[in-house]
1. Name the residue, out of Lys103, Lys168, Lys99, that is at pLDDT below 85, exposed (fewer than 14 other Cβ atoms within 10 Å of the Cβ) and either touching a His at 6+ places or on another chain (Cβ under 8 Å) or under 27 Å from Leu8 (Cβ atoms) (or both).
2. Checking Ser46 against (1) among the polar types (S, T, N, Q); (2) within 18 Å of Lys153 (Cα to Cα); (3) surrounded by 15 or more Cβ atoms within 10 Å (Cβ to Cβ); (4) modelled with pLDDT of 75 or more, which single condition isn't satisfied?
3. Can you report the number of residues in segment 136-165 which are closer than 22 Å to Phe124 by Cβ, surrounded by 11 or more Cβ atoms within 10 Å (Cβ to Cβ) and of a type in the set (Ser, Thr, Tyr)?
4. Look at Leu158 and say whether it is closer than 29 Å to Arg79 by Cβ, modelled with pLDDT of 90 or more and not in a loop (DSSP other than H, G, I, E, B).
5. Among the residues of segment 74-98, count how many are over 15 Å from Lys57 (Cα atoms) and out of contact with any Gly (no Cβ under 8 Å at 6 or more places or on another chain).
6. If the Cβ limit is 6 Å and pairs must be 6+ apart or interchain, which residue in segment 76-87 that is without any contact (Cβ under 8 Å) to a residue 24 or more places away in the chain pairs with which residue that is polar (S, T, N, Q) and surrounded by fewer than 18 Cβ atoms within 10 Å (Cβ to Cβ)?
7. Could you tell me whether any residue of segment 50-57 is modelled with pLDDT of 90 or more, within 22 Å of Ile22 (Cα to Cα) and surrounded by fewer than 17 Cβ atoms within 10 Å (Cβ to Cβ)?
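The values are calculated or read from the model by the stated rules, or taken from the named source; none is laboratory data. Just so we're clear, the structure is a prediction, and the values are computed from it rather than from any experiment. All Cβ positions, glycine included, derive from the backbone under ideal geometry; neighbour counts span all protein chains shown.
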Amino acid sequence: MRIQDKSLWSQKPIEKISVQEIAIKSGCNRSTFYQYFTDIYELLDSVENDLLNDIKKELANNELSMHTVQDTLCCLDKREHLLVLNALLGDYGSARFVKRLKKEITLDQLELNVPQNHSLTPYFIEFYLATALSLFRLWLQRQKDLSSEEFLKLVENLYSRGITPYFKE
């Protein structure tokens with residue numbers, strides 16, 4: 001069973017969504033829902049797993065530029081993922097999903113030139129990933145007001161040069 005309408009997730013926290021609401025939105029009844037899921041949280045797990053698996057497959061199958069966070073952002077910027085991402089990264093989103101997404105991006109994919117055993121490495125990685133995901137979330141909230149290319153270039157420039165050059169313009 002695919003729950004096609006994720007709009008409820010963008011409107012209120014998952015704790016406030018009933019199985020009845022999901023059933024009505026998806027055009028099925030409660031018993032059909034329970035044939036596939038024990039509760040709403042299992043549905044959320046399923047949606048998160050599907051999205052993370054799609055991202056992993058895309059990253060593995062494509063010959064991407066440098067296997068960086070920007071490549072992951074490119075994978076996220078797919079029409080079929082945007083509704084789910086708006087829900088998972090939105091105001092009523094899943095902090096657990098963000099943690100899971102961060103775990104999917106390994107240190108060697110980041111192409112960061114930091115020693116793996118350095119005591120500050122976890123902080124560098126968190127800064128890098130949290131910044132990218134936060135910017136992506138803002139971009140979605142702003143209705144993708146920049147083109148994909150402009151957005152990815154902005155992220156790349158912010159990492160490489162910081163924000164100072166933007167204040168001099």
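1. Lys103 is the lone residue from the list that is at pLDDT below 85, exposed (fewer than 14 other Cβ atoms within 10 Å of the Cβ) and either touching a His at 6+ places or on another chain (Cβ under 8 Å) or under 27 Å from Leu8 (Cβ atoms) (or both).
2. The one condition Ser46 does not meet is (2).
3. Of the residues in segment 136-165, 1 are closer than 22 Å to Phe124 by Cβ, surrounded by 11 or more Cβ atoms within 10 Å (Cβ to Cβ) and of a type in the set (Ser, Thr, Tyr).
4. Yes: the conditions hold for Leu158.
5. The number of residues fulfilling the criteria is 17.
6. Close Cβ pairs satisfying both conditions: none exist.
7. Scanning segment 50-57, I find no residue that is modelled with pLDDT of 90 or more, within 22 Å of Ile22 (Cα to Cα) and surrounded by fewer than 17 Cβ atoms within 10 Å (Cβ to Cβ), so the answer is no.
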